[in-house]
Structure formats: C-alpha cells, structure tokens
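Heads up, the thing below is written out as structure tokens.
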2 protein chains.
Amino acid sequence: MPSSPPLHQTVAILVIGNEVLSGRTREANAYLAAQKMFERGCKLSEIAIVPDIKSDIINSLNRLRHHYDAVITSGGIGPTHDDITMDAIAESFGIPLLEHQATMDKLLERFGKDVNPGRRRMARLPENAEPIICESSFMPGAHIGNVYVLAGVPEIFASQLETFLDAFGGTPYIRHEIDVNIPESLFAKDLQDIQTQFSDVEIGSYPKLCGKNACGKICLSAQDEARLYQAKEVVNQMLSGMSSA
Amino acid sequence: MPSSPPLHQTVAILVIGNEVLSGRTREANAYLAAQKMFERGCKLSEIAIVPDIKSDIINSLNRLRHHYDAVITSGGIGPTHDDITMDAIAESFGIPLLEHQATMDKLLERFGKDVNPGRRRMARLPENAEPIICESSFMPGAHIGNVYVLAGVPEIFASQLETFLDAFGGTPYIRHEIDVNIPESLFAKDLQDIQTQFSDVEIGSYPKLCGKNACGKICLSAQDEARLYQAKEVVNQMLSGMSSA
C-alpha cells in the first residue's frame with residue numbers, strides 16, 4: 001500500500017482580484033481559509049492579494065510555492081477576460097493549459113453542442129493537474145504540485161476547500177480569550193514574561209477603543225490544551241492581582 | 001517656495017498580525033485603505049498579511065517599499081511583546097529606534113512620573129521619522145521614507161490614515177456597476193472586445209450563485225468619467241441585445 005504524502009504544515013493564500021484591491025469587495029475567502037487552517041493545526045504564514053495581472057500572479061505564486069508547504073489561490077478562474085489565474089499557474093509551472101476531458105464530457109452532456117467558448121475556457125486545466133470538483137459548481141478548480149487553485153465566488157471557494165482540507169495540518173489549535181479592562185501598558189511586561197515561560201502558547205493582546213476606559217482581549221492559542229489552560233491560569237492570576245492592587 | 005513632493009501613484013499595504021492569519025479577526029484596515037486609495041486615484045497594487053515575526057515583516061517591507069511608491073503598514077505598534085513593527089521598520093531602514101521627545105513630553109504631562117515602560121515603548125519612533133498624530137490616540141504612528149506605519153485598532157488606523165491621504169493619488173477613480181442575469185460564458189467574448197476597445201476603463205465581471213439562475217455584476221471603473229459612460233453604454237447595448245435575442 002502506498003504511504004500517504006505528509007500533511008502540509010505551512011500554507012500561504014494568494015487572492016487574485018482587482019475587486020479587492022479597489023475596495024469594492026471585502027475579502028472573505030482568505031478569512032474562511034484562515035479559520036479552517038487554524039482548526040486543522042496548519043500554520044497560515046502569509047496572505048497576498050494581487051491584481052488580475054499575469055506577471056504579478058506568477059511572481060507571487062513562485063515566491064510563495066517555493067517558501068511554504070502549500071499555496072491556496074482564490075479567484076480568476078471564470079470565463080471572462082479578467083480570469084487569467086489558470087494561465088498564470090500553467091506558465092508558472094512551465095506546462096500547457098489543456099481542455100480537461102472529463103469536464104468537457106460533462107459540459108457536452110449538459111449543453112449539447114451549445115458549449116460556448118467561455119465554458120470551454122473554464123474547462124482548461126494545467127496539464128496533469130487534478131480537478132477539484134465540488135457540489136457548488138461543475139467547473140473544476142485545480143490541484144497541481146503544492147498549489148490548489150480555487151474559485152473566487154465565496155460559496156464555490158468554500159465548497160472546493162472542503163474537498164482537500166484533510167491534506168493540511170496535524171494537531172488542531174485551540175484558542176481562548178480573556179476580557180481585559182486594564183490598559184495594555186500596565187501588564188505588557190508581565191505578559192511578556194508569561195509568553196517567555198510558555199513558548200508553546202501564542203499570546204496576543206488586542207485592545208479596542210472603549211471611550212475613556214481601557215478594554216480589550218488577551219488571546220491565547222496552542223496545540224496542547226493542558227498548556228493552554230496553564231498559561232490562561234497564570235494570565236488570570238496576573239490580571240486579578242492588578243485589579244485588586 | 002519649495003515644491004511639494006510628487007503624489008504617490010502606487011501603494012502596497014502590509015498588515016501585520018497573527019490575529020488575521022489565525023482567522024480570529026477579519027481584516028478591516030486594508031479594506032478601508034483600498035476604498036480611500038480608489039477614491040483618490042492611487043493604485044493599490046498589493047496587500048500582504050504577515051505574522052508578528054520580525055524577519056517576515058522586514059522581508060515583506062523591503063520587497064514592497066522598493067517596488068511601489070509607498071507602503072502603508074497596519075498593526076503591531078502597541079506596548080506588548082507581540083508589537084514589534086517599529087523595531088522591524090527601524091531595522092529595515094538600518095536606523096535606531098529612539099524615544100520621541102514631543103510624545104514623551106505629552107506622556108509626562110498626562111501621567112506625571114507614572115509613565116510606565118509600556119507607554120515609553122510606544123513613544124519610540126525610528127530616528128528622524130515624522131510622527132503621525134491623530135485625534136483617536138496620542139501614541140503616534142510614524143512616517144519614514146515612503147513608509148507610513150499605522151496602528152491596527154481600526155478607529156486609530158482610520159484616524160491616522162486621514163492625516164496624510166493628500167500625499168496619495170491624482171485623478172480619482174469612478175466606479176459604475178451593471179446588474180446582469182445572463183451567464184458570464186455567454187458574454188465573455190463580447191466583453192473582452194469591449195475591454196480591448198476601452199483600455200482606459202477597467203472592466204470586471206463578478207458572478208454570484210443565485211440558485212439555478214445566473215446573476216452577477218459587471219463593474220466598470222475609470223479616471224475619465226466620459227469614457228466610463230461610453231463604455232457603460234456599449235456594455236448595456238451588448239446586454240440588451242442578448243436579452244432580446
């Protein structure tokens with residue numbers, strides 16, 4: 001029996017779309033993928049958002065795919081002139097983009113001879129890529145090397161993502177949060193000491209503006225639940241010492 | 001009279017924060033800045049989101065600041081151990097991080113001798129950086145070279161951003177959208193021809209999932225309003241020709 005490939009431990013997300021860079025659309029797909037990766041215990045190390053320009057896509061993709069275990073891309077795989085992601089992926093890998101036969105068969109079955117050039121365009125995959133097929137769309141994404149090429153429409157992105165999540169991660173991360181109403185500057189030193197003591201727990205402090213009063217959250221995350229609870233206990237002790245001081 | 005420096009025509013945004021990469025927080029600051037840059041006519045060319053790791057911040061900052069007219073950073077300038085952006089900026093420019101005297105004076109006036117190490121930490125700026133001072137916070141951001149270093153708390157980010165927006169852009173972009181209920185694949189070729197005809201108008205097509213029917217928007221943006229209206233008219237003619245066909 002062949003052994004399974006190792007799980008991806010680190011990942012980057014490459015979002016392709018002028019609509020995000022022009023402020024038209026608030027990015028949603030990287031946000032979803034970030035949550036899924038956290039739950040699975042895969043480190044999302046970078047998100048890059050680039051325009052619908054082939055050289056920009058290729059440059060970012062090459063940088064990211066050589067640096068991280070995997071890259072997930074979002075957007076630019078539709079039929080219109082601004083959909084150039086598959087072309088960029090193929091060029092990045094130095095391979096041709098070919099009509100995917102099984103997808104063409106489905107299109108012929110559904111539309112008969114009425115498969116227009118736009119639909120044919122969406123049936124192209126980089127040579128030897130695996131199609132990523134989901135329930136929300138019969139136009140495929142593509143998996144090639146360590147790159148997963150997904151649609152930008154959020155429902156389709158989410159549906160495609162679910163199909164290969166089990167290739168990512170290991171021990172899930174857990175997150176706990178503590179409400180804080182003490183100015184950050186008063187506990188910064190103590191919190192740093194706790195972070196040093198618990199190097200396997202990631203501790204962040206996220207203040208908000210709440211009128212004249214300080215408020216915010218201290219956020220702890222870790223893969224080892226026992227260590228997370230220990231660190232949380234020490235943070236709570238620090239804060240209660242300050243409140244009663 | 002000294003002449004004003006030229007306006008920044010291209011910009012990248014560098015978001016620093018584990019809370020975004022872990023899916024805890026949905027990114028909001030780059031989204032706001034994207035809208036502001038569009039309105040001002042400055043091209044937002046890339047958004048990068050990196051963790052609270054100094055070498056990652058420095059690598060991304062150096063890549064972006066040499067490639068675009070300006071870089072706006074968001075996050076990591078508070079008093080806690082995970083706030084390392086100012087250190088990274090100073091190291092990227094090869095200059096020291098120094099207590100900013102005017103900020104220290106304000107802190108001494110407000111807190112007397114009670115200026116704790118956390119607040120002193122936030123008063124540090126890269127040598128010769130200009131402080132970015134806004135109404136929402138008296139801890140400054142920093143402007144050094146072509147880099148603008150802003151807070152991650154959304155209200156403070158927004159307030160700091162307003163103080164230097166007039167250094168960006170030129171002719172504002174305008175955007176119009178057209179509702180479409182025809183499958184993209186049917187008009188892809190014609191839309192491409194229109195895009196070729198109007199190279200100064202950016203045309204995007206953004207489908208949605210709407211049950212069994214096609215729906216979405218064609219989005220046109222340009223700096224020349226007359227050209228935008230001309231292109232919109234041609235797109236509308238194309239669509240009405242298809243609806244009546």
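The values are calculated or read from the model by the stated rules, or taken from the named source; none is laboratory data. Predicted, not measured: the structure shown is a model, and the values here were computed from it. In this analysis, Cβ positions are derived from the backbone assuming ideal geometry, glycine residues included, and neighbour counts consider all displayed protein chains. Heavy atoms of the whole protein, side chains included, go into the accessibility calculation; ligands, DNA and RNA do not. Shrake-Rupley method; radii C 1.70, N 1.55, O 1.52, S 1.80 Å.
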Which length gain, in nm to one decimal place, applies between B:Glu155 and B:Ser240 when the Cα-Cα distance is subtracted from 0.36 nm times their residue separation? 26.2 nm
37 °C / 0.692 mPa s Stokes-Einstein diffusion coefficient of the protein assembly as shown, Kirkwood radius on C-alpha pairs, µm²/s: 135
Asked for the total accessible area buried by B and A (1.4 Å probe, Å², nearest 100), one would answer 4700
So which residues of the range A:5-30 lose at least 30 Å² of accessible area, probe 1.4 Å, when you go from the chain by itself to every protein chain present? A:Asn18, A:Glu19, A:Leu21, A:Ser22, A:Gly23, A:Arg24, A:Arg26
Prolate/oblate/rounded call for the range A:29-81, Cα gyration tensor, a/c under 1.5 rounded: oblate
Calculate one ³J(HN,Hα) per residue across the range B:57-70 by plugging θ = phi - 60° into the Karplus curve 6.51 cos²θ - 1.76 cosθ + 1.60, and present them in order as whole Hz with x for glycine and proline. 5, 4, 4, 5, 4, 5, 4, 6, 6, 8, 9, 10, 4, 8
Cysteines in the protein assembly as shown lacking a second Cys C-beta under 4.7 Å: A:Cys42, A:Cys134, A:Cys219, B:Cys42, B:Cys134, B:Cys219
List, shortest first and in nm to one decimal, how far the label point of A:Glu162 (7 Å from Cα along Cα→Cβ) is from its counterparts in the other copies. 4.3
How long is the gain from B:Asp56 to B:Thr196 if the chain were fully straight, where each residue apart is worth 0.36 nm and the alpha carbon distance is subtracted? 46.5 nm
Efficiency by 1/(1 + (r/R0)^6): what FRET value for A:Glu135 and A:Leu7, r their Cβ-Cβ distance, R0 = 22 Å, to the nearest 0.05? 0.35
Take the Cβ-Cβ distance between B:Asp166 and B:Leu209 as r, set R0 to 45 Å, and report the resulting FRET efficiency rounded to the nearest 0.05. 0.65
Based on Cα positions only, what radius of gyration and what Dmax would you give for the range A:178-245, in angstroms? 11.9, 37
Run lengths n ≥ 4 of DSSP H only: what is the helix-derived mean residue ellipticity at 222 nm for chain A, with -39500 (n - 2.57) per run over all residues, to the nearest 500? -12000 deg cm²/dmol
Share of alpha-carbon pairs per 10 Å distance bin for the range A:1-100, given as whole %: 15, 42, 33, 9, 1
The protein assembly as shown, accessible area per residue, ligands and nucleic acids excluded (1.4 Å, Å²): 45
In chain A the accessible area split gives carbon plus sulfur, as whole percent at 1.4 Å, a share of 50
For A:Arg26 the rounded accessible area (nearest 10 Å², probe 1.4 Å, non-protein molecules ignored) is 80
Here the correct list, in nm and shortest first, of distances from B:Gly145 to the same site in the other copies, label points 7 Å along Cα→Cβ, is 3.0
So if R0 is 56 Å, what FRET efficiency would A:Ile95 and A:Glu233 give, r being the distance between their Cβ atoms, rounded to the nearest 0.05? 0.55
Once label points are set 7 Å from the Cα along Cα→Cβ at both A:Asn181 and B:Ala28, what is their separation, rounded to one decimal in nm? 2.1
29 Å Cα-Cα reach of B:Lys212 towards lysines, excluding residues that sit fewer than 8 places from it in its own chain: A:Lys36, A:Lys106, A:Lys113, B:Lys189, B:Lys232
The range B:47-65: which residues show an accessible-area loss of 30 Å² or more, assembly versus chain alone, 1.4 Å probe? B:Ile47, B:Ile49, B:Arg63
The Cα extents of chain A along the principal axes, largest first and rounded to whole Å, are 79, 51, 31
Inter-copy distances for B:Gln230, label 7 Å out on the Cα-Cβ vector, sorted ascending, nm, one decimal, are 7.1
